[in-house]
């Protein structure tokens, strides 16, 4: 296990209370959104385009501010809790002039850690995500799945209490995506964190999360929260079980209802 590069962050407790968000004079993106995540919860956010899934992540990251309501991470405002979280975007956002190890080292370098210490931490994290033999490769030499593994390793250098993931595996083929989902849960078992995961895949949401939050749009609001009862750790075998498929079907129906509600309001 990688030794924390600073005092380790425990998994975060997140509270959104009546959160609303409007950009300028436009229509509200979110309205009256209340949601709590206990430490080590894995919350999947599902919903149609425009329901505010990414906006929720940006609010949690302190990249934008709510128009109404309140939001706290371990009792702190997001802007003052940024050292407790990490954000993984849809694109890996690797620096092309740095090799794999140096891309992972970058957050540690920005925090002023000695070269030897950050190299050791980066190499161990890269081994943990299955890239121990790719330390000197550059982004142009990596597959899409390998780039996302580097992005994940880089995020974990922060020992985050809260990990925000915005459709990180959506551009990958199904086999690679499924493998990365398993790897993400395995990493979380080793270093626990609370997660908010945006996806358009019902199967992915049910496999990863212990709670799926289904949203409707215009404005974005929660229409259903679906608990996922399967114990961790989870493996590929879960995807073959009848209980898993029943819950995927139930969640798909909830998503369809949310999309129908959104479509009805758009054309009302």
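Please treat every number below as a calculation from the coordinates, not as lab data. The structure displayed is predicted, hence computed values, not measured ones. FYI the Cβ positions are ideal-geometry reconstructions off the backbone, even for glycines, and counts take in every protein chain you see.
Put in line by how crowded their Cβ is, counting other Cβ atoms within 10 Å and starting with the fewest, 243, 166 read 243, 166.
Sorting 196, 42 from the fewest to the most surrounding beta carbons within 10 angstrom yields 42, 196.
Bridges between two residues of the chain, per DSSP, are antiparallel at a rate of about 50%. Taking a ≥ b ≥ c as the square roots of the eigenvalues of the Cα gyration tensor, the stretch 1-135 is prolate, since a/c reaches 1.5 or more and a/b is larger than b/c. Comparing 66, 229, 92 in a Gaussian network model of the chain where C-alpha atoms under 10 Å apart are linked, the largest mean-square fluctuation is found at 229.
For the stretch 85-241, what is the percent of antiparallel DSSP beta bridges, rounded to the nearest 5? About 40 percent, rounded to the nearest 5. The GNM of the chain, with springs linking C-alpha atoms under 10 angstrom apart, assigns the highest mean-square fluctuation among 161, 62, 47 to 62. The relative contact order of the stretch 123-220 comes to 26 percent, based on Cα pairs under 8 Å that sit 6 or more residues apart. Between 26, 132, 52, the Gaussian network model of the chain with springs among Cα atoms under 10 angstrom shows the greatest mean-square fluctuation at 26.
Look at the alpha carbon pairs under 8 Å that are at least 6 residues apart: their mean separation over the length of the chain gives a relative contact order of 27 percent. Sorted fewest first by neighbouring Cβ atoms within 10 angstrom, 228, 19 come out as 228, 19. From its DSSP helices (H runs of at least four residues, each -39,500 (n - 2.57)), the chain gives a residue-normalised ellipticity at 222 nm of -11500 deg cm²/dmol. Axis of helix 144-156 versus longest Cα principal axis of the chain: the two differ by about 80°, to the nearest ten degrees.
Taking only the Cα atoms of the stretch 93-161, the radius of gyration and Dmax are 10.8, 31 Å. Take each peptide in 77-86, 151-160, 110-119, count the other Cβ atoms within 10 Å of every residue, and average; sorted highest first, the result is 151-160, 77-86, 110-119.
Computed on the stretch 94-157, with alpha-carbon pairs under 8 angstrom and 6+ residues apart, the relative contact order is 48 percent. Once you reduce the stretch 226-255 and the stretch 164-223 to the center of their Cα atoms, the two points are 13 Å from each other.
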